Amino acid sequence: MRLSRYFIPVTKDVSSDEKMIASHKLMMQTGMMRQNAAGIYSWLPLGFKVLKKIEQIVREEMDRAGAIEMLMPTLQSADLWRESGRYDAYGPEMLRITDRHDRGLLYGPTNEEMITDIFRTYVKSYKQLPLNLYHQQWKFRDEVRPRFGVMRGREFYMKDAYSFDLDEASARVSYQKMFAAYLNTFNRLGVTAIPMQADPGPIGGDLSHEFLVLADSGESEVYCDKAVLDVPPPGEGFDFEDHDALIEEMEKRTKFYAATDEKHDEAAYAAIPADRQVKARGIEVGHIFYFGTKYSDPMKAEVQTKEGELTAIHGGSYGIGVSRLVGAIIEASHDENGIIWPDEVAPFGAGIISMKPDAEDCAAVADDVYAKLTAAGKDPLYDETSDRAGPKFGRMELIGLPWQVTVGPRGVKNGVVELKRRATGEKEDVSVEAAIARITES
RNA sequence: CGGAGUGUGGCGCAGCCUGGUAGCGCAUCUGGUUUGGGACCAGAGGGUCGUAGGUUCGAAUCCUAUCACUCCGACCA
């Protein structure tokens, strides 16, 4: 993309509010999004690209774990929620709407009822289980006090998956699959997300975990054993049908202490060797639950067993805050100069700065780099504007693409361009071919 | 929902106390000089001062109402 043809309203000045958290400020400065109302944002082209990249990674990892994608609407019928009893229970956070026929609707804060309704309509036999359906869709929760930009918006984009199993043992496996899939997902997104035992809700048991990304601005206080940070993710080759491996993936993390302030156990924490005690702040980016027959009972989501009996299915739900992750990733990965995008979610694979677009030789080399990186699928952002050096470097640094290629008269004379890695700040002069190769390998 | 505060060109702000017909910086446009780390000179465009009432000869400024947004606390992907 040529910067001069793109829509990316970068601004130096942003509100003087000192307390605004880094990610929100950076998203405003780089023109990733614009607030339209309290907790409601437009995603401008740069922000939208990142959102879509995260969505795609989440999709690939869900698919890999055997979940099946679909799409449910944002508006739901109030009647459906009366069936589960949550229409009254949910409270003022649910945005309720009335249509022209005076029928009750609501802007969905989540989709358990709707997916359960779909499930019960079509699935009648144990032979069709287990089943895991998911979608990525906008949600609305009428937060009392939205804040932190997209991290606590009222309208937000979420991946929510729902599993259906014949019994608890099978549901446990479905849960473990999601647990493993989440570890791979967050790893690919370039963040370290720690699973923590969460409040299991009315069902009880040990099957509810929150996944938190460590960041100073996080809303939750986090206590954990440093060792949990070093456990590697299951990895791409992981076999989701290997039940022993699934159990092991959970156990090798949950054996270490990790809890948010709500569940914190001072004694257990004190038992951790002092040099491994980590007290930090975290942002919740995922939450998984097993809830048994909480919805299938009142909504009669039943299947026939091998014996011909009707039995309520055992359900679980699994959320990832996709739009929140945009902010969370920035919180976890930025410096005083701007964002440092992890490779997989970067809006563009590389930035090209043409120092002298008016000089034919320089422009030719820059054009060449642009053409080659584009051909290599790296989707580069090409700054061929006539701005001065300062603003160009500053802007590219702020946007924080993984690689920067600077093409100027100095280097062109010697047959080299400057290649810079945003994360480390390392710079080196290399040939065009070498620069392309380095970027393409990453 | 309790407490505090703010609405003035695209953005950031001053002006309000003490009414007199709107200003500064950034950004934008034009011309020129510049050009490897956020340049300079000259000129230009752009605002019914959140909205609605009221007081007044006259309201951004005073009064009333209303809407929106922000921040601090209790709750949440």
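Packing here is the average count of other Cβ atoms within 10 Å per residue, and on that basis the peptides A:251-257, A:186-192, A:120-126, highest first, run A:186-192, A:251-257, A:120-126. Taken as Cα centroids, the range A:43-87 and the range A:259-338 sit 17 Å apart, rounded to the nearest whole angstrom. For the set A:K52/A:K356; A:K49/A:K263; A:K49/A:K139, the pairs lying more than 30 angstrom apart at their alpha carbons are A:K52/A:K356; A:K49/A:K263.
Surface composition of the range A:54-102: carbon plus sulfur atoms contribute 49% of the solvent-accessible area (1.4 Å probe, protein chains only, all chains present). A simple rule links phi to the HN-Hα coupling: the Karplus curve 6.51 cos²θ - 1.76 cosθ + 1.60 with θ = phi - 60°, which for the range A:409-423 gives x, 4, x, 4, 4, 9, x, 10, 10, 9, 10, 10, 8, 4, 5 Hz, with x for Gly and Pro. A simple packing score, the average count of other Cβ atoms within 10 Å per residue, orders the peptides A:1-7, A:214-220 as A:214-220, A:1-7, with the highest score first. The A:A389 and A:D343 beta-carbon pair, evaluated with R₀ = 22 Å, returns a calculated FRET efficiency of approximately 0.25. Across all Cα atoms of the range A:96-236, the radius of gyration (one decimal) and Dmax (whole number) stand at 18.1, 58 Å. Of the GluC sites (Glu not before Pro) found in the range A:409-442, the ones in coil according to DSSP and having at most 12 other Cβ atoms within 10 Å of their Cβ are A:E426. To the nearest ten degrees, helix A:168-188 and the longest principal axis of the Cα atoms of chain A are 10 degrees apart.
For the range A:256-312, the set of trypsin sites (Lys or Arg not before Pro) satisfying both a DSSP loop assignment and a count of at most 14 other C-beta atoms within 10 Å is given as A:K300, A:K306.
Summarising the label geometry, the points placed 7 Å from Cα in the beta-carbon direction at A:A437 and A:D99 lie 6.2 nm from one another. Carbon-plus-sulfur accessible fraction, the range A:285-406 (probe radius 1.4 Å, protein heavy atoms only): 49%. The amide H of A:H334, built 1.01 Å from its N in the peptide plane, has A:I340 as neighbours under 5 Å, considering only residues 5 or more places off or on other chains.
Could I have the simple spin-label model distance between A:I247 and A:V173, label points 7 Å from Cα toward Cβ, reported in nm to one decimal? Here the modelled spin labels are 1.2 nm apart.
Along the range A:310-318 the Karplus relation, 6.51 cos²θ - 1.76 cosθ + 1.60 evaluated at θ = phi - 60°, assigns HN-Hα couplings of 8, 9, 5, 6, 9, x, x, 9, 9 Hz to successive residues, with x for each Gly and Pro. Working value for the range A:1-144: equivalent-ellipsoid semi-axes of 36, 23, 13 Å, each the square root of 5 times a Cα gyration tensor eigenvalue, largest first. Against the main long axis of the alpha-carbon atoms of chain A, helix A:112-122 sits at an angle near 70°. Evaluate the Debye formula for the range A:350-441 with equal point scatterers sitting on the alpha carbons, no solvent, and hand back log10 of I(q)/I(0) at q = 0.10, 0.15 Å⁻¹, in q order, two decimals. Cα-only, vacuum Debye calculation for the range A:350-441: -0.20, -0.47.
What's the angle, to the nearest 10 degrees (0 to 90), between helix A:432-441's Cα axis and the longest principal axis of chain A? Its long axis makes an angle of about 10 degrees. Prolate is the label for the range A:292-363, because a/c, from the alpha-carbon gyration tensor with a ≥ b ≥ c as root eigenvalues, is 1.5 or above and a/b exceeds b/c.
Taking the helices alone, chain A has a mean residue ellipticity at 222 nm of -9500 deg cm²/dmol, built from -39,500 (n - 2.57) per DSSP H run of at least 4 residues and averaged over all its residues.
Of the peptides A:343-353, A:96-106, A:377-387, the ranking by mean beta-carbon count within 10 Å, highest at the top, reads A:343-353, A:377-387, A:96-106.
Taking every protein chain into account, the accessible area of chain A amounts to 45 square angstrom per residue (probe 1.4 Å). Shown in residue order for the range A:287-297 are the 3J(HN,Hα) couplings computed by the Karplus curve 6.51 cos²θ - 1.76 cosθ + 1.60 at θ = phi - 60°: 8, 10, 9, 10, 10, x, 9, 3, 9, 5, 5 Hz (x for Gly and Pro).
The values are calculated or read from the model by the stated rules, or taken from the named source; none is laboratory data. Just so we're clear, the structure is a prediction, and the values are computed from it rather than from any experiment. Methodologically, a virtual Cβ is constructed for each residue, glycine included, from the backbone with ideal geometry; neighbour enumeration extends over all protein chains shown. Keep in mind that these areas ignore ligands, DNA and RNA; they rest on the heavy atoms of the full protein, side chains included. Shrake-Rupley method; radii C 1.70, N 1.55, O 1.52, S 1.80 Å.
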